[in-house]
Amino acid sequence: MKNVIFLAPPLAGKGTFSEYLVKNFGYLHYSTGDILRKKANEDKQLKALMESGALVSDDLILSLIEEVLQKVPKNQPFILDGIPRTLHQAKKLDIILNGLNLNQYVVINIDVRKDILIDRVIGRRSCPNCHRVFNINIKGFGPKVEGVCDDCSSVLIQREDDTLESYEKRYQSYVESTSPVITYYKEKGCLKVISNEKSDQTEALQILRGVIS
């Protein structure tokens, strides 16, 4: 199985794809957000920096990624989620992967139209207790009882950033920073595009299986 780097705008389905690979093919899932939060629990200075809302430097992020990848068991496939976000990060990440002899990877760009993404974000509802996520705008993903979590019966909430205005900003930021990254990997010949616009993701997951083989 090939190692995977996911590129996807918010709500494109990166989490679903990652979960599928972990459960069905034994992938390790490395999220930059999770790695930073874990490190922040050990480093008070980093924790204070993150809590202030300041950006974490590329050098620190990449050094943490390298530290994690050094511990990957031989022949163990992994997913990188949340990096690279910029062309600079993509080039530096290549140096790290080549240095660790982990250069057998595929970059998967999950493609979803913007109007579908907006529909998804506006319809997303989260459980504040067990953290299960539902979507009232996607058939089969809504709660059985309106406004109530299926698992723990807590009242579902809409996150503050799940608004049209907030999503527009996040989406635009993603496009501006990631477009050069997509071009970079396309020119390297390791980019694959998977459409994930349907509520039934069977076809998309089938294509994913073929891409990682």
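The values are calculated or read from the model by the stated rules, or taken from the named source; none is laboratory data. Since we're looking at a predicted model, the values are computed, not measured. Cβ: placed from backbone, ideal geometry, glycine included. Neighbour counts: every protein chain shown.
Miscellaneous remarks
- Residue list for the range 26-61, filter: of a type in the set (Val, Ile, Thr) and assigned to a helix (DSSP H, G or I): 32, 35, 61
- Search result, residues across the range 129-155 that are farther than 20 Å from residue 16 by Cα and assigned to a loop (DSSP other than H, G, I, E, B): 129, 144, 146, 147, 152, 153, 154
- Taking the listed residues 32, 16, the one that is within 16 Å of the chain's Cα centre (by Cα), hydroxyl-bearing (Ser, Thr, Tyr) and more than 22 Å from residue 202 (Cα to Cα) is 32, with no other qualifying.
- Odd one out for residue 138, checked against (1) within 27 Å of residue 107 (Cβ to Cβ); (2) among the aliphatic types (A, V, I, L, M); (3) over 17 Å from the mean Cα position of the chain (by Cα); (4) at pLDDT 95 or above: (4)
- Some residue of the range 41-57 being modelled with pLDDT under 95, among the basic types (Lys, Arg) and touching a helix residue (DSSP H, G or I) at 6+ places or on another chain (Cβ under 9 Å): yes
- Where residue 119 falls short, out of the listed (1) part of a helix (DSSP H, G or I); (2) within 15 Å of residue 12 (Cβ to Cβ); (3) touching a residue at least 40 places away in the same chain (Cβ under 8 Å): (3)
- When the range 156-206 is filtered for residues that are farther than 30 Å from residue 2 by Cβ, out of contact with any helix residue (DSSP H, G or I) (no Cβ under 7 Å at 6 or more places or on another chain) and modelled with pLDDT under 95, the ones remaining, listed by number, are 158, 159, 160, 161, 163, 165, 166, 168, 169, 172.
- Long-range neighbours under 6 Å by Cβ, at least six apart or interchain, first residue on the phi > 0 side of the Ramachandran plot within the range 8-29, second buried (at least 17 other Cβ atoms within 10 Å of the Cβ) and in a loop (DSSP other than H, G, I, E, B): 13/196
- Taking the conditions (1) surrounded by 12 or more Cβ atoms within 10 Å (Cβ to Cβ); (2) free of Cβ contacts under 8 Å to residues at least 12 places away in the same chain; (3) not hydroxyl-bearing (Ser, Thr, Tyr) in turn, residue 75 satisfies each one other than (1).
- Test: residue 23 is farther than 28 Å from residue 122 by Cβ and among the charged types (D, E, K, R): yes
- Residue check, residue 69 under 23 Å from residue 177 (Cβ atoms) and within 20 Å of the chain's Cα centre (by Cα): yes
- Listed conditions (1) under 14 Å from residue 125 (Cα atoms); (2) not in a loop (DSSP other than H, G, I, E, B); (3) not aliphatic (A, V, I, L, M) are all met by residue 179, apart from (1).
- The range 99-126, subset over 30 Å from residue 1 (Cα atoms) and out of contact with any helix residue (DSSP H, G or I) (no Cβ under 8 Å at 6 or more places or on another chain), residue surrounded by the most Cβ atoms within 10 Å (Cβ to Cβ): 125
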